Amino acid sequence: MKHVTIAIDGPGGAGKSSVAGNIAKQLNILHLDTGAMYRAFALTALESGISLSDTQAVNTLVRRIKIKVRFEYGVQRTYVNGNDVSGLIRTPEVSKAASDVATLLPVRKLMVSLQQRIAKSQSMVLDGRDIGTRVLPKATLKIFLTATSEVRARRRFDELTQKGIEVTYENILADVKARDTQDTTRAIDPLTVAPDAVSLDTDAMTQPEVEQKIIALLRARLAEQGNTRFPFFQREPLTFLYRVAMVLSTIVFRTLYPVRYHGLAHLALDAPFILIGNHQQMLDPLLIGWKVNRYQIRYLGKKELVKNPLMRSLYRRMLMIPVDRHNMDMQAVRACLKTLKEGHVLGIFPEGTRHKKTLMQEMESGIAMIALRGNVPILPAFVAGKPKLFRRVDCYYGEPFTVDEIAKGTINRDAVDAVMADITRRYHSMAAAHAASAL
Ligand code: C5P
């Protein structure tokens, strides 16, 4: 498994450390608080009484100091020369001194190399000031967390007073501003937003909202990169036949019928949802399903496919839901709704059967019914053309959408027609976009 690194940078008090800690817990990976390492150095410098302008003394300390982090039950403890300083480094004096030592080149070099070594071989969330710009320029995801200095000072004030530490809001605000100035204006690796970082202004966001947003961004990033092995992508164990189908798809769509996929970021969508596709040939379920590999798709398939017992057993193992297309098959509709309720992905070809040229012209109304009743997002997949041996075909995942706005609570013939018209319109615009890109 390729490991995943998340860089969270930003000014002091933006909530980086608690957000990073919670994300790490959710992803079951480690969190490295890099500020703690600068703090550990600062504490040692304060205790030994060295002046930070004394270059020689600083260099000697850089050479001698042994800063170590250990993860005990997943929580970081910071050690200096074998002593646990995790509690001692949280005072306002150390905060100020940490910002001072962080301006010194030898100190930064030491910290950056230690941090790079720690993050080299495992998935991690790192928070600091220069993670995205210096420590991990190739981080999987870079986040820049901000908030106004007033909001940050208020948060820090609440945190410290809750711990029984006596402080005034005015003093904290002044400290926050002074540290901001020092962190953003220092000559070496000042606090800046990496060009490829996503900035999140947390003033109006709760902490869980910030965390959810970052996890969603990570999912989208990993989906874009085709990294589907990261732990939280594996939810349900695949049935044996489904796994076989996936392996076959890998071979077929990489070699015999090469597919170029677009819009993979839309696959970050969480189940339950309905995957729909245009249907021109037999490979379609595999072609549009192969990349949706976080989930095992339950495709709706025509009853004729399961006429004989062998096929019935095979399709059951592929989790297919059989449907009678010639009658309003309420049993199939109920099975679909149940599948969505259980949190799965339902795969439907709304045209009901394969078409040579039409694009969602003869849609069955069943899909609209299920979409309306299921009230879950719909992810449209569009295959632009029929795969030909060794000729590349394009497959687009469009933006997920919901139909509850269309129905406005009532499910009747008009709502069903409106949903079908909406789906048709979306497919026509995907086809038009493809045609324009192929020009
Ligand atoms: O994040 P925290 O407030 O614990 O960091 C203490 C100080 O360490 C910051 O004010 C900053 O100057 C410095 N620091 C840094 N680079 C990092 C982490 C912290 O310069 N990656």
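Name the residues of the range 46-67 whose amide N is less than 18 Å from a point 7 angstrom out from the Cα of R77 along the C-beta direction? Only 66-67 fall inside the zone, counting backbone N under 18 Å. Separation of the range 302-330 from the range 364-378 is 20 Å, based on Cα centroids. When a 1.4 Å probe is rolled over the protein heavy atoms, the share of accessible surface on the range 114-191 that falls to carbon and sulfur comes to 51 percent. Extension gain for I411 to K303 (0.36 nm times residue separation, less C-alpha to C-alpha distance): 36.3 nm. The listed residues K302, K408 rank as K408, K302 when sorted by accessible area, largest first, using a 1.4 Å probe.
Residues R294, R243, R325 ordered from highest to lowest accessible area at a 1.4 Å probe: R243, R325, R294. Accessible surface computed residue by residue for the range 59-156, with neighbouring protein chains in place and a 1.4 Å probe, gives 49 Å² per residue. Just D284, D183, D329 to compare: in a GNM of the chain, with alpha carbon springs under 10 Å, which one fluctuates most? Highest fluctuation among the options: D329.
Please work out, to two decimal places, the log10 of the ratio I(q)/I(0) at q = 0.08, 0.13, 0.15, 0.17 Å⁻¹ from a Debye calculation in which every Cα of the range 239-437 carries one identical scatterer. For the range 239-437 at q = 0.08, 0.13, 0.15, 0.17 Å⁻¹, log10 I(q)/I(0) is -0.25, -0.68, -0.92, -1.22.
Using heavy atoms of the protein chains and a probe of 1.4 Å, the accessible area assigned to H326 is about 130 Å².
For the chain, relative contact order (Cα pairs under 8 Å, six or more residues apart, normalised by length) works out to 15 percent.
Contact order, relative form, for the range 239-437: 29 percent (alpha carbon pairs under 8 Å, 6 or more residues apart, mean separation divided by residue count).
Length available on full extension from M311 to M330: 0.36 nm per residue minus the Cα-Cα distance, which gives 4.6 nm. With both labels modelled 7 Å from their Cα along Cα-to-Cβ, the L88 to Q56 distance reads 2.6 nm.
With a simple spin-label model that places each label point 7 Å from the Cα along the Cα-to-Cβ direction, the separation between Q281 and L256 comes to 1.1 nm.
Compared with the dominant Cα axis of the chain, that is its longest principal axis, helix 105-119 is turned about 40°.
The mean sequence separation of alpha-carbon pairs under 8 Å and at least six residues apart, normalised by the residue count of the range 61-131, gives a relative contact order of 18 percent. Shape class for the range 162-279, computed from the alpha carbon gyration tensor (a ≥ b ≥ c): prolate, with a/c not under 1.5 and a/b above b/c. Kindly state, to the nearest 0.05, the FRET efficiency for R373 paired with F401, given R0 = 22 Å and r defined as their beta-carbon distance. Efficiency computed from Cβ-Cβ geometry: 0.85.
With the simple model of a label 7 Å out from the Cα in the direction of the Cβ, L359 to R64 spans 7.4 nm. Note on the chain: Rg/Rh from Cα positions, Kirkwood definition for Rh, rounded to two decimals, is 1.10. Classify the range 68-224 as rounded, prolate or oblate from the Cα gyration tensor: take a ≥ b ≥ c as the square roots of its eigenvalues, call it rounded if a/c is under 1.5, otherwise prolate when a/b beats b/c and oblate if not. Rounded, because the longest to shortest axis ratio a/c is under 1.5. Once the Cβ-Cβ distance of D203 and M246 is raised to the sixth power relative to R0 = 35 Å, the FRET efficiency obtained is 0.20. Surface calculation, 1.4 Å probe, protein heavy atoms: L248 sits at approximately 90 Å² accessible. For D203, D33, the ranking by accessible surface with the largest value first comes to D203, D33, using a 1.4 Å probe. In this Cβ point-charge picture (+1 for Lys and Arg, -1 for Asp and Glu), the chain has a dipole of about 2080 debye about its Cα centre. Within the assembled protein chains, the solvent-accessible surface assigned to I411 is about 80 Å², based on a 1.4 Å probe.
What is the helix-to-structure angle for 413-438, meaning the angle in degrees between its Cα long axis and the longest Cα principal axis of the chain, kept from 0 to 90 and rounded to the nearest 10? Here the helix axis deviates by roughly 70 degrees.
Tell me, what is the FRET efficiency for Q116 and A438 to the nearest 0.05, using R0 = 51 angstrom and their Cβ-Cβ distance as r? Given R0 = 51 Å and the Cβ-Cβ separation, E is 0.70. Quick one: pull the percent of accessible area on the range 1-76 belonging to carbon and sulfur, 1.4 Å probe, ligands and nucleic acids left out. C and S atoms contribute 50 percent here. Springs between Cα atoms under 10 Å define the GNM used for the chain, and in it the highest mean-square fluctuation of I251, I89, I423 occurs at I251. Cross-linked pairs K109/K213; K68/K109; K291/K388; K16/K66; K2/K142; K163/K213: Cα-Cα separations exceed 22 Å for K109/K213; K16/K66; K163/K213. Largest GNM mean-square fluctuation across G87, G226, G277, computed for the chain with C-alpha springs under 10 Å, falls on G87.
Nonpolar atom fraction for the range 239-437, defined as the carbon and sulfur part of the 1.4 Å probe accessible area, stands at 57 percent.
Using Cα positions and a limit of under 12 Å, work out the aspartates and glutamates in reach of K177, with same-chain residues fewer than 8 apart set aside. Cα-Cα hits under 12 Å: E150.
If you keep only loop residues by DSSP, which chymotrypsin sites (Phe, Trp or Tyr not before Pro) in the range 24-129 have at most 15 other Cβ atoms within 10 Å of their Cβ?
Qualifying residues, ordered by number: Y73.
The values are calculated or read from the model by the stated rules, or taken from the named source; none is laboratory data. The structure presented is a predicted model; accordingly, all values stated were derived computationally and were not measured. For neighbour counting, all protein chains shown are included, and Cβ atoms are generated from backbone atoms with ideal geometry for every residue, glycine included. To get the accessible areas, we keep the full protein, side chains included, count just its heavy atoms, and leave off ligands, DNA and RNA. Shrake-Rupley method; radii C 1.70, N 1.55, O 1.52, S 1.80 Å.
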